[in-house]
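This report concerns only the one structure given below.
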Amino acid sequence: MRDHSSTLLLFGATGDLSRRMLLPSLYALHADGLIHPALRIFCTARSALTDEAFRDMARGALCEFLPDDRKAEGLIDAFLLRLHYVALDASNPDGFTELAATIGDISGGLSIFLSTAPSLFEATIKGLHYAGLSGENVRIGLEKPLGNDLASSCHINDAVNAVFPEKRTFRIDHYLGKETVQNLMALRFANMLFEPLWNANAIEHVQITVSETVGLEGRAGFYDDTGALRDMVQNHMLQLLALTAMEPPASLDATAIRDEKVKVLRALRPVAEGDVVTGKYIEGAVQGDAVKSYESDLGKASDTETFVAIKAYVDNWRWQGVPFFLRTGKRLPERRSEIVIQFKPVPHNVFRDRGGKLEANTLIIRLQPEEYVRLLVMAKEPGLDRGGVTLREVPLDLSLTAAFAGSRRRIAYERLLLDLIEGDQTLFVRRDEVEAQWAWIDAIRALWNVTALKPKAYGAGSWGPNAAIALTERDGVSWHE
Ligand code: BG6
């Protein structure tokens, strides 16, 4: 059921996320006629700017971050005219009264997108409430970070839920807006082929990799306080794991899907000592470019992990004994997000006496940079086989880019902003999910403290410390590379 808001209010509108993602996404929705022509867009941040000055900033962001084929002068001009700017100091409640007066009538519904410093969260929520911008027809989207452990996340969620009940709270994990992530559900639940095999009887292990070539990208302070485990595993990777491992939901309804995901998150077994490896990049070369070490980028010594690899288990019937190997890191050799499902070998090789060697099937779901689903299957090499049968692994390829060449590829925030404006919570993270994620992550961090685990050095441009290779090799598994 769609319930459109007639007003959108963006906090943190001059920030990096806004310039890179939110403004270009809103522009794309505007250009394609996907947001109502009457939708009013108010943007706010601390800087004192006029509407004109803000629009100039927004124009600069669109020029910088929109792909060239999306830049249409007339459309950009029309879009910018939709943007209104209100300067606001979130720590001063009176500013919210002025904001509410500028926005005026919100009887058509208000969607708020909050991407501000975590320290301003509570003051902003209180200010909104104080100014009457939190009623029944107001919903709020929250961008991470929402806390840095279970306790602080509960604290923020309590503050939010005191004003916005859960059904009007939209917690963003931008991975859920990615096309191939949703294709994972299509693959699993729109095809007969996979689901009967999607369990411990047929699957030997699962790998989830989110590798990045970038380093700190101007976020040194935030990153050093956060580290790879909390920056990437707590949210994006656990959501990918939950979508991979969940039971089929009864429908695509937000509650049905989130109920299934939270069961997986709660079934995560506490990670054992030795089943987690952390790393910190030292100087090296990424894709041919020499790069400095993490500590040089940061300007000080640090024990924050820029890489983490974990062997995880989901303790339920479906996944008993199946390791889920997770790894993510900065300054790795390539940018790649993928889920690899490794099936078990066939129980008996009928080709053995004729020399045929078999590989077990592998399913690769690549989310980025390319989008494809690839199933590696065994096939016989053509020939009369007088010297024996030669079997070879060949890919059954579904390139989503090629199969849907005519469709526009959309960035995750286009979908998520539209879902927020239309009130669809399916791709937003529910409070119980976030808390189950933090509980598991906190236990890992507690283990690090007890065992005094320090990140191991890895050269920038490598796949992490050697110990990450040993983590899988112990089980006779190689990382998919
Ligand atoms: C963010 C992290 O949530 O996700 C960043 O804070 C990371 O450190 C980013 O670079 C990765 O997102 P994407 O969409 O580029 O894979």
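Key figures
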read-out: Per residue solvent-accessible surface (Å²) - region 213-276, probe of 1.4 Å; value: 36 Å²
read-out: Estimated vicinal HN-Hα couplings, Hz - region 100-111 in sequence order (Karplus 6.51, -1.76, 1.60; Gly, Pro = x); value: 4, 5, 5, 5, x, 5, 10, 5, x, x, 10, 10
read-out: For region 192-262 versus region 270-346, the gap between their alpha-carbon centres in whole angstrom; value: 13 Å
read-out: Helix axis angle, 51-65 relative to the chain longest principal axis, alpha carbon, degrees; value: 10 degrees
read-out: In order through region 333-344: 3J(HN,Hα) via Karplus (6.51 cos²θ - 1.76 cosθ + 1.60), integer Hz, x for Gly, Pro; value: x, 8, 8, 7, 10, 7, 10, 10, 9, 9, 7, 7
read-out: Amide hydrogen neighbours beyond the local backbone of C43, cut-off 5 Å, H modeled; value: L10, H84, Y85, V86
read-out: Coordinate range along principal axes, alpha carbons of the chain, Å, largest first; value: 83, 51, 45
read-out: Residue-wise HN-Hα coupling along region 317-322, computed from phi with Karplus coefficients 6.51, -1.76, 1.60 (Hz; x: Gly, Pro); value: 4, 4, 10, 4, x, 9
read-out: Apportionment of accessible area to carbon and sulfur, the chain, percent (1.4 Å); value: 54 percent
read-out: With Cα atoms, 0 to 90° folded angle of helix 150-163 axis to the chain main axis; value: 40 degrees
read-out: DSSP-defined beta bridges in the chain - what % are antiparallel, rounded to 5; value: 55 percent
read-out: Per-pair calculated FRET efficiency, R0 = 56 Å: D77 and K380 via Cβ, rounded to 0.05; value: 0.35
read-out: Cα-only radius of gyration and Dmax that characterise region 159-303, units Å; value: 19.0, 54
read-out: Kirkwood hydrodynamic radius (C-alpha pairs) into Stokes-Einstein, region 271-333, 25 °C and 0.890 mPa s, D in µm²/s; value: 179 µm²/s
read-out: Pairwise centroid distance, computed over Cα atoms, of region 74-119 with region 426-441, Å; value: 28 Å
read-out: Student exercise, the chain dipole from Lys, Arg, Asp, Glu Cβ charges, in Debye to nearest 20; value: 940 debye
read-out: Heavy atoms of H348 accessible to a 1.4 Å probe, total area in Å² rounded to 10; value: 120 Å²
read-out: Accessible area in the full protein assembly, largest first, 1.4 Å probe, for F404, F324, F222; value: F404, F222, F324
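The values are calculated or read from the model by the stated rules, or taken from the named source; none is laboratory data. Fair warning: this is a prediction, and the values are worked out from it, not measured in the lab. So basically every Cβ, Gly included, is an ideal-geometry build from the backbone, and we count neighbours across all protein chains shown. With ligands, DNA and RNA removed, areas are computed over all heavy atoms of the protein, side chains included. Shrake-Rupley method; radii C 1.70, N 1.55, O 1.52, S 1.80 Å.
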